[in-house]
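Report on the structure given below.
The values are calculated or read from the model by the stated rules, or taken from the named source; none is laboratory data. As the structure is a prediction and not an experimental result, all values here were calculated from the model. Counting neighbours? That spans all protein chains shown, and the Cβs are built from the backbone with ideal geometry, glycine included.
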Amino acid sequence: MSFILLGILNSQAAAGGAPTFPAVAGYVAGGNEGSEVSTVDKFAFPSDTRTTLGTGLSSARRLSSGFFNPSIAGYVAGGDTGSPSATVDKFAFPSDSRSTTTSLSIARQLHSGFSNPSVAGYVAGGYDNSNNLLSSVEKFTFPADSRTTLGTGLNTAREGDPAGFENYAVAGYIAGGFASTFLSSVEKFAFPSDTRTTLATGLSTGTAVFAGFSNSGVAGYAAGGLTGAGEVDTVDKFAFPSDTRTTLGTGLSSARNNVAGFGSSSVAGYVAGGGGTGSRVSTVDKFAFPSDTRSSTTSLSSNRSQMAGFQDA
């Protein structure tokens, strides 16, 4: 199937770079409002107008992860429905109709996801029904959603909602998480081989329960979270292709954890909801590329945390 038939703008790929995709919408799925919910909020680009899908997740759950295949579908994998889940819900673009696709090989929660658009989505880490920390990375190959498990997983088994982000057609990243202590390491999986390396420079501090977003070809970001010192508003930026880390001078609008992240191609990255100062919030912070200037945009439909984010972009 050609990129043209998929509606993908492929001129950049033809020139030897990563493919570009039309920026359509970002999504925030599930989470916790005091109990698990199945709500899926959709933010249309570029206006950031929010609607709530008539059909949400197949079950109310939190602590899931998201990945995406632009112009085709977004996915919400695993999570907590009272115990870890193996369910993967698929939302077909542009109708947002939901189906349930190939399940995870093992029920897991507090994991992370990243994507190689047009090729595959990935789910990494977390813990299972026996409270075992997981290092495995599951790969869902598009368009069949056939599932395999990478021969090389994370270098450290971890849970704690690591931050996931990607550089389209180049690599996916898993940052931080928790394994008896807050982790600062960042694992990089090179496409298409899925070979894993560990970045020489990790996060600015060990962090868990936070979110990632990307400006593909330019930088990946890891935002908010929980450290040994409590909730933070920190946003770390990893410049591609060197993976050099800096920390933005302006972080989130408030210190909070259990946030969701999504992006709008080369326009902006978003950090939604989370737990801040002891309460859940509906705030959505928007970081404009390339300046990384932060503003607040349309809020979530409710105050909630522990959500998954994905995008059609």
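Filtering segment 171-198 to residues that are under 15 Å from residue 158 (Cβ atoms), among the hydrophobic types (A, V, I, L, M, F, W, C) and in a loop (DSSP other than H, G, I, E, B) leaves 179, 183. Tell me, yes or no, whether segment 8-21 has at least one residue that is modelled with pLDDT under 95, crowded, with 17+ Cβ neighbours inside 10 Å and among the aliphatic types (A, V, I, L, M). Within segment 8-21, one or more residues are modelled with pLDDT under 95, crowded, with 17+ Cβ neighbours inside 10 Å and among the aliphatic types (A, V, I, L, M). Of the residues 232, 218, only one is of a type outside the set (Asp, Glu), within 25 Å of residue 267 (Cα to Cα) and either free of Cβ contacts under 8 Å to residues at least 40 places away in the same chain or touching a helix residue (DSSP H, G or I) at 6+ places or on another chain (Cβ under 7 Å) (or both); which? The match here is 232.
Considering each of 310, 238, 287 in turn, give the residue that is closer than 25 Å to residue 33 by Cβ, among the hydrophobic types (A, V, I, L, M, F, W, C) and either in a strand (DSSP E or B) or out of contact with any Asp or Glu (no Cβ under 6 Å at 6 or more places or on another chain) (or both). Steps first, answer last, please.
Values: 238 fails: closer than 25 Å to residue 33 by Cβ; 287 fails: closer than 25 Å to residue 33 by Cβ.
310 is the lone residue from the list that is closer than 25 Å to residue 33 by Cβ, among the hydrophobic types (A, V, I, L, M, F, W, C) and either in a strand (DSSP E or B) or out of contact with any Asp or Glu (no Cβ under 6 Å at 6 or more places or on another chain) (or both).
Only one entry of 199, 248 meets the criterion of being surrounded by fewer than 23 Cβ atoms within 10 Å (Cβ to Cβ), more than 25 Å from residue 135 (Cβ to Cβ) and in contact with an Asp or Glu (Cβ under 6 Å, 6 or more places away or on another chain), and that entry is 248.
Does at least one position in segment 165-172 carry a residue that is under 26 Å from residue 26 (Cα atoms), of a type in the set (Val, Ile, Thr) and modelled with pLDDT of 95 or more? Yes: one or more hits. Within segment 267-289, if we keep just the residues that are surrounded by fewer than 24 Cβ atoms within 10 Å (Cβ to Cβ) and touching a residue at least 60 places away in the same chain (Cβ under 8 Å), the residue that is nearest to the chain's Cα centre (by Cα) turns out to be 286.
Which residue is farthest from the chain's Cα centre (by Cα), if the candidates are limited to segment 57-74 and must be of a type in the set (A, V, I, L, M, F, W, C) and part of a strand (DSSP E or B)?
Just the residues of segment 57-74 that are of a type in the set (A, V, I, L, M, F, W, C), to begin with: 57, 60, 63, 67-68, 72-73.
From the residues that got through so far, the ones that are part of a strand (DSSP E or B) too are 67-68, 73.
Working: 67: 6, 68: 9, 73: 14 Å.
Selected residue: 73.
Taken together, 47, 112 contain a single residue that is buried (at least 20 other Cβ atoms within 10 Å of the Cβ) and at pLDDT 95 or above, which is 112. Applying the criterion of being out of contact with any strand residue (DSSP E or B) (no Cβ under 6 Å at 6 or more places or on another chain) and over 25 Å from residue 32 (Cβ atoms) to the residues of segment 118-139, the residue that is surrounded by the fewest Cβ atoms within 10 Å (Cβ to Cβ) is 119. For segment 18-56, enumerate the residues that are in a loop (DSSP other than H, G, I, E, B), farther than 21 Å from residue 209 by Cβ and of a type in the set (Val, Ile, Thr). Of everything in segment 18-56, those that are in a loop (DSSP other than H, G, I, E, B), farther than 21 Å from residue 209 by Cβ and of a type in the set (Val, Ile, Thr) turn out to be 20, 24, 55.
Every condition in (1) part of a loop (DSSP other than H, G, I, E, B); (2) within 26 Å of residue 31 (Cβ to Cβ) is met by residue 202 except one, and the failing one is (2).
Picking from residues in segment 254-269 that are in contact with a Pro (Cβ under 9 Å, 6 or more places away or on another chain) and part of a loop (DSSP other than H, G, I, E, B), the one that is nearest to residue 114 (Cα to Cα) is 265.
Here is a list: 84, 70, 94. Which entry is closer than 15 Å to residue 27 by Cα and crowded, with 19+ Cβ neighbours inside 10 Å?
Values: 84 fails: closer than 15 Å to residue 27 by Cα; 94 fails: crowded, with 19+ Cβ neighbours inside 10 Å.
From the options 84, 70, 94, the qualifying one is 70.
Return the residues of segment 75-101 that are within 25 Å of residue 21 (Cα to Cα) and either outside any strand (DSSP E or B) or of a type in the set (Gly, Ala, Ser) (or both); say none if nothing qualifies.
Residues satisfying the conditions are 77, 92, 93, 94, 95, 96, 97, 99.
Within segment 56-93, can you find the residues that are polar (S, T, N, Q) and either touching a helix residue (DSSP H, G or I) at 6+ places or on another chain (Cβ under 7 Å) or farther than 20 Å from residue 174 by Cα (or both)? Answer for segment 56-93, where residues must be polar (S, T, N, Q) and either touching a helix residue (DSSP H, G or I) at 6+ places or on another chain (Cβ under 7 Å) or farther than 20 Å from residue 174 by Cα (or both): 58, 59, 71, 81, 83, 85, 87.
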